[in-house]
Amino acid sequence: MAYDTIRWKNNRVELIDQRYLPRKTRYAICRTDKDMWGAIKAMKIRGAPAIGIAGAYGAYLGIRNSSKRTFGAFKKELDKSIKYLASSRPTAKNLFWALERMDSVACKNKNKPISDIKNILLEEAHKVLTDDKKICRLIGKNGKTLIKRSSNVLTHCNAGGLATGEYGTALGVIFSAKNKIKMVYADETRPWLQGARLTVWEIMQEKMPVTLICDNMAAALMAKKEIDAVVVGADRIAANGDTANKIGTYNVAVLAHYHKIPFYVAAPVSTFDLSLGSGKSIPIEERSPEEVKMINGVYITPKGALVKNPAFDVTPRKLITAIITERGVIRKPDKKKIGKVLGR
Ligand code: MRU
C-alpha cells in the first residue's frame, strides 16, 4: 500500500487526512488527545477499526506528559482522557473497545513506575494497529471463499485500508478474492462520499476494475442481474447479529434480500457489542444538517430546509447471509452462533 492510514512517527501520530482524498495526500498531525478528538470528530480519520486505533494512540497522547507520581492520580488523568476521546463519535464499537483495552493494560501494570506504564501504553497502541493489520488479512482470507467465480460485487461506504490499519474488512474480502471478481461496484455514499472518494481510489490502486454508482442505482443493477454479492463493513454488531453500518446499508440489504443476492458483513470481533441484545439499542450518530445541505461548500437546498442526517442505520440480522470475522464465518447469524465464535 502506498500510504499509511495512521502511523507513529517523530514522537507523534500522523494520519492521512481523508477529507482531502483523492485530490491530495495530506497528513494531519496529532500531538495531544485534543488533536486526536478533533481528527476523529472532523472525519480526518474515519471507519470503525481506524478510529479504534486512533483512540488508542489518543489515550497515550492524553497521559504522556503526566507528572503524576502515584498510580491513582495518573489513572484519574487517563480516565479523563479516555472519557473525552469516547465522546468524539458514538456508534463504532471499536473506539470504545480500544479505549477499554488501554484502560485495562494500565490497570494490569499499576504496580510499575509511571514512566514504565506510559511506555506500556504506547506499546499497546502500536499493538492495536499491528493486530488490526493482521486481522484484516484473516477476514480477507475467510471471506474469499464466499465469493463465486466471475462475480460482480457491490460495496457501500468505505471499509478498506483507509477505514482500518491497512487492507480493510469488506475491501479485504474483495482484494483477497481479486481473481474471482469481474467488477466491483461502489456506492457513492452520500453525504460524505466515502464510496466515490475513498473506495474507488483504493480499488484503483489495487488495479482492480471498479465502477461508481449513485446510491439510488443499486436496485436497477440488481434487477438486471448485474450484482452477484454485496460485501459491507460494520460499526457495531449487537449480540443477535443486527448490524449498524453507514447510512444506506439497510437499503442495500433490503434490495439484496428481494433480489436473492447474498449480503455479507465483514468485521473484526472488536466490532461486536454483546451488551446490546439487538440493533435497537445501538447509538446512532446524528451529524450536522450542513453535510446534507451543501456539496463542495455550496448550498444545494433552499435556506431553512429541514434535514435529517443520521450517519448510520441498522440492518436486521435476518437480511445478513453471513458475518465474516477473523475467527471464521458466521452464517445466518444469531445470538448462539455469535456467542460461540466470541467465546461467550
Ligand atoms: O462515518 P464513517 O466514514 O466513519 O463510517 C464508516 C463505515 O460506516 C464503515 O463501513 C465501517 O466503519 C466499517 S470500516 C471497516
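Could you give every pair whose Cβ atoms fall below 9 Å, whose first residue belongs to the stretch 220-234 and is free of Cβ contacts under 8 Å to residues at least 24 places away in the same chain, and whose second residue is surrounded by fewer than 24 Cβ atoms within 10 Å (Cβ to Cβ) and charged (D, E, K, R), counting only separations of at least 6 or pairs across chains?
If the second residue must be surrounded by fewer than 24 Cβ atoms within 10 Å (Cβ to Cβ) and charged (D, E, K, R), the pairs left are Ala220/Glu226.
Please work out if Thr301 is of a type in the set (Val, Ile, Thr) and not in a helix (DSSP H, G or I).
Details: of a type in the set (Val, Ile, Thr): yes; not in a helix (DSSP H, G or I): yes.
In short, yes.
Looking at the stretch 263-270, is at least one residue over 18 Å from Leu95 (Cα atoms) and over 19 Å from the mean Cα position of the chain (by Cα)? So that I can check it myself, show each step before the final result.
Step one: of the stretch 263-270, the residues over 18 Å from Leu95 (Cα atoms) are 263-265.
Cutting the leftovers down to over 19 Å from the mean Cα position of the chain (by Cα) gives us none.
Checked against the condition, which is being over 18 Å from Leu95 (Cα atoms) and over 19 Å from the mean Cα position of the chain (by Cα), the stretch 263-270 yields no hits at all.
Considering only the stretch 236-253, state which residues are surrounded by fewer than 24 Cβ atoms within 10 Å (Cβ to Cβ), among the hydrophobic types (A, V, I, L, M, F, W, C) and farther than 24 Å from Gly343 by Cβ.
Passing the criteria: only Ile247.
Considering only residues that are within 16 Å of Ala266 (Cα to Cα) and open to solvent by 40 Å² or more (accessible area, probe 1.4 Å), which ones fall in the stretch 319-340? Even if it seems obvious, please write down each step before you answer.
First, the residues of the stretch 319-340 that are within 16 Å of Ala266 (Cα to Cα): 319-334, 337-338.
Once the filter is applied, which keeps residues that are within 16 Å of Ala266 (Cα to Cα) and open to solvent by 40 Å² or more (accessible area, probe 1.4 Å), the stretch 319-340 yields Thr321, Arg327, Val329, Arg331, Lys332, Asp334, Lys337.
Would you check which residues across the stretch 85-115 are open to solvent by 30 Å² or more (accessible area, probe 1.4 Å), in contact with a helix residue (DSSP H, G or I) (Cβ under 8 Å, 6 or more places away or on another chain), closer than 26 Å to Gly233 by Cα and away from the ligand (no atom under 16 Å from the Cβ) and list them?
Arg101
Looking at the stretch 124-143, which of its residues are more than 16 Å from the ligand (Cβ to nearest atom) and touching a strand residue (DSSP E or B) at 6+ places or on another chain (Cβ under 8 Å)?
Residues satisfying the conditions are Ala125, His126.
Does Trp37 satisfy being aromatic (Phe, Trp, Tyr), buried (at least 21 other Cβ atoms within 10 Å of the Cβ) and at pLDDT 95 or above? Quick ask: steps written out before the conclusion?
On the way: aromatic (Phe, Trp, Tyr): yes; buried (at least 21 other Cβ atoms within 10 Å of the Cβ): yes; at pLDDT 95 or above: yes.
Yes.
May I ask you to say which residue of Leu171, Leu121, Leu162, Leu146 is under 14 Å from Pro268 (Cβ atoms) and either buried (at least 19 other Cβ atoms within 10 Å of the Cβ) or more than 11 Å from the ligand (Cβ to nearest atom) (or both)? If you could, list the steps in order and put the result at the bottom.
Values: Leu121 fails: under 14 Å from Pro268 (Cβ atoms); Leu162 fails: under 14 Å from Pro268 (Cβ atoms); Leu146 fails: under 14 Å from Pro268 (Cβ atoms).
Unique residue meeting the criteria: Leu171.
Does Leu129 satisfy the criteria of being in the same structural domain as Ile53 (by TED's automatic domain parsing) and touching a residue at least 24 places away in the same chain (Cβ under 8 Å)?
Numbers: in the same structural domain as Ile53 (by TED's automatic domain parsing): yes; touching a residue at least 24 places away in the same chain (Cβ under 8 Å): yes.
When the stated conditions are applied, Leu129 passes them.
Given (1) of a type in the set (A, V, I, L, M); (2) within 11 Å of the ligand (Cβ to nearest atom); (3) open to solvent by 30 Å² or more (accessible area, probe 1.4 Å), where does Val210 come up short, assuming only one miss?
The one condition Val210 does not meet is (2).
Of the residues in the stretch 273-295, how many are outside any loop (DSSP other than H, G, I, E, B) and either in the same structural domain as Gly47 (by TED's automatic domain parsing) or within 13 Å of the ligand (Cβ to nearest atom) (or both)?
Going through the stretch 273-295, the residues outside any loop (DSSP other than H, G, I, E, B) turn out to be 273, 279-281, 286, 290-295.
Right, trim to either in the same structural domain as Gly47 (by TED's automatic domain parsing) or within 13 Å of the ligand (Cβ to nearest atom) (or both) and you get 286, 291.
Of the residues in the stretch 273-295, 2 are outside any loop (DSSP other than H, G, I, E, B) and either in the same structural domain as Gly47 (by TED's automatic domain parsing) or within 13 Å of the ligand (Cβ to nearest atom) (or both).
Say whether the condition of being assigned to a strand (DSSP E or B), within 11 Å of the ligand (Cβ to nearest atom) and at pLDDT 95 or above is met by at least one residue in the stretch 177-197.
Yes, the conditions are met somewhere in the stretch 177-197.
Between residues in the stretch 257-286 that are in contact (Cβ under 8 Å) with a residue 24 or more places away in the chain and open to solvent by 20 Å² or more (accessible area, probe 1.4 Å) and residues that are within 13 Å of the ligand (Cβ to nearest atom) and acidic (Asp, Glu), which pairs lie under 7 Å by C-beta distance while being six or more apart or on different chains?
So the pair list comes out as Val269/Glu326.
Okay, residues lined up against (1) among the β-branched types (Val, Ile, Thr); (2) closer than 25 Å to Leu138 by Cβ; (3) outside the structural domain of Arg287 (by TED's automatic domain parsing):
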| residue | (1), (2), (3) |
| --- | --- |
| Pro310 | no, no, no |
| Thr321 | yes, yes, no |
| Lys332 | no, yes, no |
| Lys336 | no, yes, no |
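How many residues are surrounded by fewer than 20 Cβ atoms within 10 Å (Cβ to Cβ) and either polar (S, T, N, Q) or within 10 Å of the ligand (Cβ to nearest atom) (or both) if we restrict to the stretch 40-57? Steps first, answer last, please.
Going residue by residue through the stretch 40-57, those that are surrounded by fewer than 20 Cβ atoms within 10 Å (Cβ to Cβ) are 41-43.
Adding the requirement that they be either polar (S, T, N, Q) or within 10 Å of the ligand (Cβ to nearest atom) (or both) leaves 43.
The total comes to 1.
Select from the stretch 11-25 the residues that are within 17 Å of Glu202 (Cβ to Cβ) and open to solvent by 10 Å² or more (accessible area, probe 1.4 Å) and list them in ascending order.
Applying the first criterion (within 17 Å of Glu202 (Cβ to Cβ)) to the stretch 11-25 yields 15-25.
Those that are within 17 Å of Glu202 (Cβ to Cβ) and open to solvent by 10 Å² or more (accessible area, probe 1.4 Å): Arg19, Tyr20, Pro22, Arg23, Lys24, Thr25.
The values are calculated or read from the model by the stated rules, or taken from the named source; none is laboratory data. Model, not experiment: these values are computed from the prediction. Virtual Cβ from ideal backbone geometry, glycine too; neighbours counted across all protein chains shown. The accessibility values were calculated without ligands, DNA or RNA, using every heavy atom of the protein model including side chains. Shrake-Rupley method; radii C 1.70, N 1.55, O 1.52, S 1.80 Å.
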